[in-house]
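Please treat every number below as a calculation from the coordinates, not as lab data. The structure presented is a predicted model; accordingly, all values stated were derived computationally and were not measured. Cβ placement follows ideal geometry from the backbone for every residue including glycine, while neighbour counts extend to all protein chains displayed.
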Amino acid sequence: MNIHQYYPVDVVNGPGTRCTLFVAGCVHRCRGCYNKSTWRLNSGQPFTLEMEEQLIADLNDTRIIRQGLSLSGGDPLHPANLADVGRLLRRVRRECSGKDIWMWTGYRLQELDDSQRRVINEINVLIDGKFILALKDPALPWRGSSNQVIHQLR
Ligand code: SF4
């Protein structure tokens, strides 16, 4: 999997203070996408084991308490990202007790296949759906357009 950005301390993408990872690869091609540079799977840089270790360490850092991890992109549920995202999330569950996991995807919850559903079994909150320019609303918390839904999964 490739990634575009990793913010070890982020207060914008989700509640509280978080670690946020933007992955590469998205098939949705939304008009008005804020992040077109992430569409290609081979854009950005490889997500290495060292980066994964750092992310786990950051989540467990007691000097700056993180509420959890946010995963965006690109699309963390792109079929090519599922193996790596799934492995990362299982590690966060196992090694970062008490941290919540938020995820943004262009797919709708109802249309996820079995392998995507296995990945979201690990998360707390899914914000789903494409960005629709005609429904854009900057006042919405954590969403770009009003068709997108915040699903509290656990
Ligand atoms: S789902 Fe997100 S990253 Fe993908 S095209 Fe739409 S707005 Fe851009």
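Cβ-Cβ contacts under 9 Å between residues 6 or more apart (or on different chains), taken from a first residue in segment 130-150 that is on the phi < 0 side of the Ramachandran plot to a second residue that is of a type in the set (Ser, Thr, Tyr) and in a loop (DSSP other than H, G, I, E, B), are listed as LYS130/TYR107; PHE131/TYR34; ILE132/SER146; LEU135/SER146; LYS136/SER146; ASP137/SER146; LEU140/SER146; GLY144/TYR34.
Could you please tell me which pairs satisfy a Cβ distance under 6 Å, a separation of 6+ or placement on different chains, a first residue in segment 51-69 that is free of Cβ contacts under 8 Å to residues at least 60 places away in the same chain, and a second residue that is in a helix (DSSP H, G or I) and exposed (fewer than 13 other Cβ atoms within 10 Å of the Cβ)? From segment 51-69, the pairs are ILE56/GLU95.
None of LEU41, LEU49 is in contact with a helix residue (DSSP H, G or I) (Cβ under 7 Å, 6 or more places away or on another chain), more than 18 Å from GLU122 (Cα to Cα) and of a type in the set (A, V, I, L, M) except LEU41. Only a single criterion out of (1) at positive phi; (2) part of a helix (DSSP H, G or I) is not satisfied by GLY32, namely (2). For segment 97-136, give me the residue count where each residue is farther than 15 Å from PRO76 by Cα, more than 14 Å from the ligand (Cβ to nearest atom) and not in a helix (DSSP H, G or I). So the count comes out to 4. Scanning segment 132-146 for residues that are surrounded by 15 or more Cβ atoms within 10 Å (Cβ to Cβ) and more than 15 Å from the chain's Cα centre (by Cα) returns ILE132, LEU135, SER145. Across segment 35-47, the qualifying residues are those that are in a loop (DSSP other than H, G, I, E, B) and more than 9 Å from the ligand (Cβ to nearest atom), and the one among them that is nearest to PRO76 (Cα to Cα) is LEU41. Selection of segment 73-92 for residues being assigned to a loop (DSSP other than H, G, I, E, B) and among the acidic types (Asp, Glu) yields only ASP75. Looking at segment 26-40, can you tell me whether even one residue there is of a type in the set (Phe, Trp, Tyr), touching a residue at least 60 places away in the same chain (Cβ under 8 Å) and crowded, with 17+ Cβ neighbours inside 10 Å? Among the residues of segment 26-40, not one is of a type in the set (Phe, Trp, Tyr), touching a residue at least 60 places away in the same chain (Cβ under 8 Å) and crowded, with 17+ Cβ neighbours inside 10 Å, which makes the answer no.
This table checks each residue for (1) within 16 Å of the ligand (Cβ to nearest atom); (2) within 15 Å of LYS130 (Cβ to Cβ).
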site: ALA24; (1), (2): yes, no
site: MET51; (1), (2): no, no
site: ILE65; (1), (2): no, no
site: SER72; (1), (2): yes, yes
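Taken over segment 109-120, residues that are in contact (Cβ under 8 Å) with a residue 24 or more places away in the chain and surrounded by fewer than 19 Cβ atoms within 10 Å (Cβ to Cβ) amount to 4.
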